[in-house]
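The values are calculated or read from the model by the stated rules, or taken from the named source; none is laboratory data. Everything numeric in this text was worked out from a predicted model, so none of it was measured. Counting neighbours? That spans all protein chains shown, and the Cβs are built from the backbone with ideal geometry, glycine included. Just so you know, the surface numbers come from the protein's heavy atoms only, side chains and all, with ligands and any DNA or RNA stripped out. Shrake-Rupley method; radii C 1.70, N 1.55, O 1.52, S 1.80 Å.
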Amino acid sequence: MTISRPIRTDGLTQQILEHGSGPLVLFIHGFPELGVSWRAQVEALGEAGFHAVAPDMRGYGGTDKPEARDAYSILDLVGDMVDLVRALGHDRCVVVGHDWGAPVAWHCALMRPDLFRAVFALSVPFQPRRPKGPPTAAMAVLAKRGGLGELYINQFQADDAHAIFDADVEAGLRKGFWAYDGATPPERQSTGFIPEGETFLSTLPDDAPLPPWMSEDHFREYVDAFTAGGFRAPFDWYRNVDRNWTLTPWLQDARIRVPAAFIVGDRDPVRHYSGPQEAGLKDWMDDLRLQAVIAGAGHWIQQERPDEVNRLLLEFLRGL
């Protein structure tokens, strides 16, 4: 039976969704998501003989939300997962990440291959550390060169960027899920680039409906969690992007050595700005066992296509 419970790690109380026993598989969500975003995977893997665990990540849902902006670096996020594996009584783990959770999962494998024995990422490919400077500067150059406007990640750097989401939690979440969903018409999907004078939310229609896979009850789980916890902490993940680069010169040219997999929806808007990394993924993997594109799927791939994601994930796990 799937349960939800708090668990204390070294410096944090984390709320987890959990099912099953056996080898540990850890699921890391992204923005604006929660551990329950992985419910279909936790249930399927728990029934298949794995110990499946999906935490609300630092700053989200029922997990602690440190006040300091610097508390949301990649080192903190990977450290939380290391602590969680130990608190769950395991010494090895397969890590699965989606959206922002994908970079965390990639870095778990990169930094602690002794603990994270394989990595399965969705939607966001591995992005190796580049020697040319902080990422937001490179993103700004890319956007300016293409005349595309400002990438939302750069816009999210502002101290008050989260305020528009806090002002109307329900509208912000509904628009965000709709804008990146595979069922949304191509001409109405967000590209991730924001015209001058606009915000991420102002570019999206006020009448945006929920995606077809999102029930009202499931949507209410997100609305309740973000109404209680706010968006400040989740945005602090973005505000540490450049600091992450500063903290990790020791990862320059580092490769993923453990078995790896990557899947993405062919209609995922992230591909507008991560295409080169997706195309070059094999160049940074010693053992890339699976790279797949799911036809018709958008960004929320594990919820849009749960059966297909579960099938690919179980094939990967059983081949380890």
Inset, instruction - Run the dipole for the chain about the Cα centre, Lys and Arg Cβ at +1, Asp and Glu Cβ at -1, nothing else charged, and hand back the magnitude in debye, nearest 20. - result: 1080 debye
Inset, instruction - Quote the accessible area belonging to LYS65 in square angstrom, nearest 10, computed with a 1.4 Å probe and with ligands, DNA and RNA left uncounted. - result: 60 Å²
Inset, instruction - Provide the packing ranking of 201-208, 19-26, i.e. peptides ordered by the mean count of other C-beta atoms within 10 Å per residue, highest first. - result: 19-26, 201-208
Inset, instruction - First check a/c for the range 149-292, with a ≥ b ≥ c the square roots of the eigenvalues of its C-alpha gyration tensor; if it is under 1.5, answer rounded, and if not, answer prolate when a/b is larger than b/c or oblate otherwise. - result: prolate
Legend entry - Probe 1.4 Å - accessible area at MET111, Å² to nearest ten: 40 Å²
Legend entry - Cut-off 15 Å between beta-carbons: net charge of the residues surrounding GLN189, Lys and Arg +1, Asp and Glu -1: 0
Legend entry - Histogram of C-alpha separations across the range 1-61, 10 Å bin width, %: 26, 54, 20, 0
Legend entry - Solvent-accessible surface (1.4 angstrom probe) belonging to HIS272, in square angstrom, nearest 10: 110 Å²
Legend entry - Rounded to whole Hz, the Karplus (6.51, -1.76, 1.60) HN-Hα couplings of the range 253-265, x for glycine and proline: 6, 5, 10, 7, 8, 8, x, 9, 8, 9, 10, 8, x
Legend entry - the chain - mean residue ellipticity at 222 nm from DSSP helices (-39,500 (n - 2.57) per run, n ≥ 4, rounded to 500): -10500 deg cm²/dmol
Legend entry - Net charge of Cβ neighbours under 15 Å - reference ARG257; Lys, Arg +1; Asp, Glu -1: +1
Inset, instruction - State, in angstrom, two size descriptors of the chain derived from its alpha carbons: Rg to one decimal place and Dmax to the nearest whole number. - result: 18.2, 52
Inset, instruction - Decide, for the range 89-148, between rounded, prolate and oblate: order the square roots of the alpha carbon gyration tensor eigenvalues as a ≥ b ≥ c, take rounded if a/c falls under 1.5, and otherwise choose prolate if a/b is larger than b/c, else oblate. - result: prolate
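So for the chain, averaging the separation of alpha carbon pairs under 8 Å that are six or more residues apart and normalising by length, what relative contact order in percent results?
Relative contact order of the chain: 20 percent.
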Inset, instruction - List the trypsin sites (Lys or Arg not before Pro) within the range 3-111 that fall in a DSSP loop (any state other than H, G, I, E or B) and whose Cβ has at most 14 other Cβ atoms within 10 Å. - result: ARG92
Inset, instruction - In square nanometres and to one decimal, what's the mean projected area of the convex hull around the Cα atoms of the range 212-315? - result: 8.9 nm²
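Using only the Cα atoms, what convex hull volume per residue in Å³ does the range 1-152 have? Mind showing how you got there, number by number?
On the way: hull volume 18.3 nm³, N = 152.
Considering the Cα atoms of the range 1-152, their hull volume per residue is 120 Å³.
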Inset, instruction - Give me the lysines in straight-line cross-link reach of LYS65: C-alpha distance below 30 Å, same-chain residues under 8 apart excluded. - result: LYS175
Inset, instruction - Summarise the accessible area of the range 32-102 (1.4 Å probe, protein heavy atoms) by the percent that is carbon and sulfur. - result: 45 percent
Inset, instruction - Give me the percent of Cα-Cα pairs in the range 216-271 that sit more than 17 Å apart, rounded to a whole number. - result: 71 percent
Legend entry - Residue-span extension gain [ASP91 to ALA228] - 0.36 nm each, minus C-alpha spacing: 45.9 nm
Inset, instruction - Could you pull the Cα extents of the range 255-304 along its three principal axes, largest to smallest, in whole Å? - result: 30, 21, 13
Inset, instruction - Name the residue, out of THR191, THR13, THR246, whose mean-square fluctuation peaks in a Gaussian network model built on the chain with Cα pairs under 10 Å. - result: THR246
Inset, instruction - Work out which GluC sites (Glu not before Pro) in the chain are exposed loop sites (DSSP not H, G, I, E or B, at most 16 other Cβ within 10 Å) and give the longest gap free of them. - result: 199-320
Legend entry - Among beta bridges that DSSP assigns inside the chain, antiparallel share in %, nearest 5: 35 percent
